[in-house]
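Single-structure report; data block below.
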Amino acid sequence: MIQKEGLAMGAPSSGLKAEIFLQHIEHLHMAHLSMKHKIINYFRYVDDILIIFDPTHSSIQAILDDCNALHQNLQFTAELEENNTINYLDITIQKTPTSWKTAIYRKPTFTDTIVSYMSNHPTQHKYAAVKFLFNRLNTYDLLADEYQEEEDTIHSILYNNSFPIRPQKPRHPKLKEQKQTTHTKMDHIYIYREGNHIHYQLIQKH
């Protein structure tokens, strides 16, 4: 099959060209659409868009119809919130009576497989995923319960991938005394053995 339209799949320039095109469309139309549908906030990452709007002035179907009319080669689909909850990228956003709260989202197809500690990969490769998981944990604005749940999930992932470690548990920032105004980095110390040597690795939050 010969591709007659669109950008070349896998070409280094395709992502950049697609981003330029989408920004051009946004520049031409988003101001008008925002006013027409009373859009409060518009967030986009690549081709994932999160829209917050006033449902008393418009509907998601009306917004979707207008977006699909912007260009013949652009077709959007909509995912609605359920039980005041919606997933966007790797975040679950839930409305509360007075505000909202967030949690880490994983797709139903998620597997807890990372580079196994027992593999022959370099140590830096093994701990890259570990560093990412803890950096995300300590970067996102999670409440205490969601923080603890995610930390337990990370420990389970490490255990299932043969990591013989017990990270030093940081104190969750939400549990700190409210009078405290200074914030310190949350570090994790990992202890692992290679042969007859014990190694200590410090992973810092940047």
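At a glance:
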{"item": "Unique residue being at pLDDT 90 or above, assigned by TED's automatic domain parsing to the domain that holds ILE93 and either under 26 Å from THR102 (Cα atoms) or part of a helix (DSSP H, G or I) (or both) when the list is SER119, SER156", "result": "SER156"}
{"item": "Flag for ASN87 being of a type outside the set (Val, Ile, Thr) and exposed (fewer than 10 other Cβ atoms within 10 Å of the Cβ)", "result": "no"}
{"item": "Breaking point among (1) over 12 Å from the mean Cα position of the chain (by Cα); (2) within 17 Å of LEU50 (Cα to Cα), for THR113", "result": "(2)"}
{"item": "Positions within region 1-43 being exposed (fewer than 14 other Cβ atoms within 10 Å of the Cβ) and assigned to a strand (DSSP E or B), in sequence order", "result": "ILE40, ASN41, PHE43"}
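The values are calculated or read from the model by the stated rules, or taken from the named source; none is laboratory data. Computed from a predicted structure; not experimentally measured. Neighbour counts are summed over all protein chains in view; Cβ atoms, including those assigned to glycine, are modelled from backbone coordinates with ideal geometry.
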